[in-house]
Amino acid sequence: MRPKDIQIEYSALSQKISAYSVRWASKCLAKQGVTNVAEVGCGRLRNLSVLREYFETVDLVETNNQIKKIRDLVPESNAVNLLSNEEFEKQNTKYDAIFLISVLHTLPYKIDRAKILQVCESNLNNGGILVLDVPQSENYYNRRRSTSRKFNDVWLIRHGDRYSFYKSYFRAELNNFVRDSTTLELVIPTFYSKHLISLWRCP
Ligand SMILES: C[S@@+](CC[C@H](N)C(=O)[O-])C[C@H]1O[C@@H](n2cnc3c(N)ncnc32)[C@H](O)[C@@H]1O
């Protein structure tokens, strides 16, 4: 496979409904006094209305390719900012909580999965929370997987002449991966409708 065929943005979900993990965690975190949050890998903004309902400021982080596609969808408001992943990595803002929803499993290289977790950790306040949601064995992927090949440890999902990726995680592997890549501490692990959901605290 040539690197140009690897286009992670092809994994952006088309669902319009917000993720259960975002609705559930937002309610809990707002009660704990969380006010400023970021969603890393915000896709096509399906979670934004929930995040705006619960928090004062919401930063949205995406790749440069995806930013071109969603720029016009972002509301004009001082409470919402759109940042590239490079800007997010370099900036000094710290967040009470960061949402990483259905992103980790779409990255083809382990090193990039570790990096995105590490960048999230370094952008959290002490005591800040990472909300991690990774689908496990979803029907959408299972249907395509039957005709798929493997690339490293991920399944290749074909879209015409391009591919996206699906890393199927089990709970223990995912938890060990987060622990090996960061110093984040697991607070709450849960499962909902084929999604592994966990809250991790920055020490
Ligand atoms: C499957 S979509 C999920 C989108 C959204 N979180 C949702 O729940 O609908 C994965 C998204 O992660 C984005 N992404 C991949 N690598 C990224 C990175 N390093 N930084 C920010 N976003 C990234 C992709 O562009 C894509 O939009």
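All of the numbers you see were taken from the coordinates with simple rules; none came from a lab. From a predicted model like this one, the values you see are computed outputs, not experimental measurements. Positions of Cβ are generated from backbone atoms using ideal geometry, with glycine treated the same way; all protein chains shown enter the neighbour counts.
Tabulated values for the structure
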| read-out | value |
| --- | --- |
| For Tyr163, distant residues with modelled amide H under 5 Å away | Gln7 |
| Within a Gaussian network of the chain (alpha carbon springs, distance under 10 Å), most fluctuating of Glu185, Glu62, Glu87 | Glu87 |
| Anisotropy class of the stretch 149-203 from Cα gyration tensor, a/c 1.5 cut | prolate |
| Helix-only mean residue ellipticity at 222 nm for the chain, each DSSP H run of n ≥ 4 adding -39500 (n - 2.57), per residue, nearest 500 | -9000 deg cm²/dmol |
| Antiparallel %, DSSP beta bridges [both residues in the chain], to 5 | 50 percent |
| Cα shape, the stretch 53-193, gyration tensor, a/c 1.5 rule | oblate |
| Shape call, the stretch 64-132: gyration tensor on alpha carbons, a/c limit 1.5 | oblate |
| Relative contact order (%) - the chain, alpha-carbon pairs under 8 angstrom, separation at least six | 21 percent |
| Footprinting exposure proxy for Ile101, Ile188, Ile70 (fewest neighbouring C-beta atoms within 10 Å first) | Ile188, Ile70, Ile101 |
